[in-house]
Amino acid sequence: MRPAEDLFTIHSEAQFDEPPVMLYAFSGFVDAGAGVRMAADHLLQALPHRLLASFDADELLDYRARRPRMTYVVDHFASVEIPQLVLHEVTDESGQGFLLLTGPEPDYQWQRFMAAVDLVIAHYRVRLAVGLSAIPWPSPHTRPLGLTVHGSEADLLAGHVSVLGEIEVPGHVGAMLELHIGQQGLPSMGITAQVPHYLVQYEFPRAAATLLQGVAAATGLVLPVDALQPAAMQADADVAAQLSGNEEFAAVVTALEQQYDQLAAVAGGAPTGASDLTGGRIPTGEEIAAQVEQFLSTLEDHDDPEKQTDA
């Protein structure tokens, strides 16, 4: 493996008063409702930040799998947006600094990339690494979104109960980083938003807000979650408008609401977001896991450029 330090370029340095939290948020594969991308974009739009390092996109990304967007004006190409994988120093609303590693999920050199992240962690003496993701979930948009919280140490998961058992899913860089960092002895966790499965292909701002709420609760960072509420409310209104003219869609949502409420009642009023369309029967953890596993398997095929027709 070539030297990991050659994979990124340092643009500026940062000094933290205490070891920082590092968030990593990769768009692409496990980003239902674009919640991860919107959460990262929102942090960079709403909070003071400074570019610390950039990773070599030519080494890590497959441009044929995610072609850069180009602008054509009348008779010439005017611009191109090359995807970027970057590390920022960000300051939260209380003045506390943290690291944000964001951009498209790398296509290549995963082990070298993780070794490069190890160098970043060691350099800044990161105390906790937190990955963001969003998955499809059999729940209605009319109820609070749930979170799946997972990690390398039991005390990171206090207050969270998983309904999932053992499942096998396609690997992705965020999950591999969580596993790898935890194996290196650093506290490592992931926060995953449960996005209504019928909305995964659309931008769903409430997924971003839910992720940032989860990050704030887990890390103590003070994040601008409220600023996402107008966009979330507009998206909810758009979905409601679709419901009004589609009886089949409305029936699906009603069934999901019934299942969600039944499970919440069983859990003593603590909703988890789990439900299905089994006509009044509450799904087991194994059934929910099977649905998640099946969806991620379809994403794996969609994400593989060799299984797609090149345009």
remark   = R64 fails exactly one of (1) more than 22 Å from L228 (Cα to Cα); (2) of a type outside the set (A, V, I, L, M, F, W, C); (3) in contact with a helix residue (DSSP H, G or I) (Cβ under 7 Å, 6 or more places away or on another chain); (4) modelled with pLDDT of 95 or more, namely (4)
note = From the option list V126, V117, V173, V161, single residue qualifying as surrounded by 19 or more Cβ atoms within 10 Å (Cβ to Cβ) and within 25 Å of H197 (Cβ to Cβ) is V173
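Could you run through segment 67-105 and say how many residues are on the phi > 0 side of the Ramachandran plot and at pLDDT below 95? Lay out the reasoning, then the answer.
Looking only at segment 67-105, we keep the residues that are on the phi > 0 side of the Ramachandran plot, and these are 74, 95, 103.
Narrowing the set further to residues that are at pLDDT below 95 leaves none.
So the answer is 0.
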task = Could you grab me the full set of residues in segment 202-233 that are over 20 Å from E153 (Cα atoms) and free of Cβ contacts under 8 Å to residues at least 12 places away in the same chain?
result = D226, P230, M233
query = When you look at T142, is it surrounded by fewer than 22 Cβ atoms within 10 Å (Cβ to Cβ), in contact (Cβ under 8 Å) with a residue 24 or more places away in the chain, under 24 Å from A227 (Cβ atoms) and of a type in the set (S, T, Y), yes or no?
reply = yes
inquiry  = Just the residues that are of a type in the set (K, R) and not in a loop (DSSP other than H, G, I, E, B), please, taken from segment 59-100.
reply    = R69
remark   = Q96 vs (1) more than 15 Å from L23 (Cβ to Cβ); (2) surrounded by 17 or more Cβ atoms within 10 Å (Cβ to Cβ): all pass except (1)
ask   = How many of the residues in segment 1-45 are surrounded by fewer than 18 Cβ atoms within 10 Å (Cβ to Cβ) and in a strand (DSSP E or B)?
value = 2
task = Those residues that are in contact with a helix residue (DSSP H, G or I) (Cβ under 9 Å, 6 or more places away or on another chain) and not aliphatic (A, V, I, L, M), I need them from segment 247-257; list them, please.
result = F249
key: For G273: the one exception among (1) at pLDDT 80 or above; (2) touching a strand residue (DSSP E or B) at 6+ places or on another chain (Cβ under 7 Å)   = (1)
note = In the set V239, V215, the lone residue that is more than 18 Å from the chain's Cα centre (by Cα) and either part of a helix (DSSP H, G or I) or buried (at least 18 other Cβ atoms within 10 Å of the Cβ) (or both) is V239
inquiry  = If L51 satisfies all but one of (1) at pLDDT 95 or above; (2) part of a helix (DSSP H, G or I); (3) closer than 25 Å to V215 by Cβ; (4) not β-branched (V, I, T), what's the number of the condition it fails?
reply    = (2)
remark   = Per the list (1) farther than 30 Å from A116 by Cβ; (2) assigned to a loop (DSSP other than H, G, I, E, B); (3) among the small types (G, A, S), residue check on A231 breaks on (2)
inquiry  = Between a residue in segment 1-19 that is touching a residue at least 24 places away in the same chain (Cβ under 8 Å) and under 26 Å from T91 (Cβ atoms) and any residue that is β-branched (V, I, T) and outside any loop (DSSP other than H, G, I, E, B), which pairs come within a Cβ distance under 8 Å, given they are 6 or more apart or on different chains?
reply    = F8/V120
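Taking R112, is it in a strand (DSSP E or B) and charged (D, E, K, R)? Before the answer, list the steps.
On the way: in a strand (DSSP E or B): no; charged (D, E, K, R): yes.
Criteria not met by R112.
The values are calculated or read from the model by the stated rules, or taken from the named source; none is laboratory data. Just so we're clear, the structure is a prediction, and the values are computed from it rather than from any experiment. All Cβ positions, even for glycine, are placed from backbone atoms using ideal geometry, and neighbour counts span all protein chains on display.
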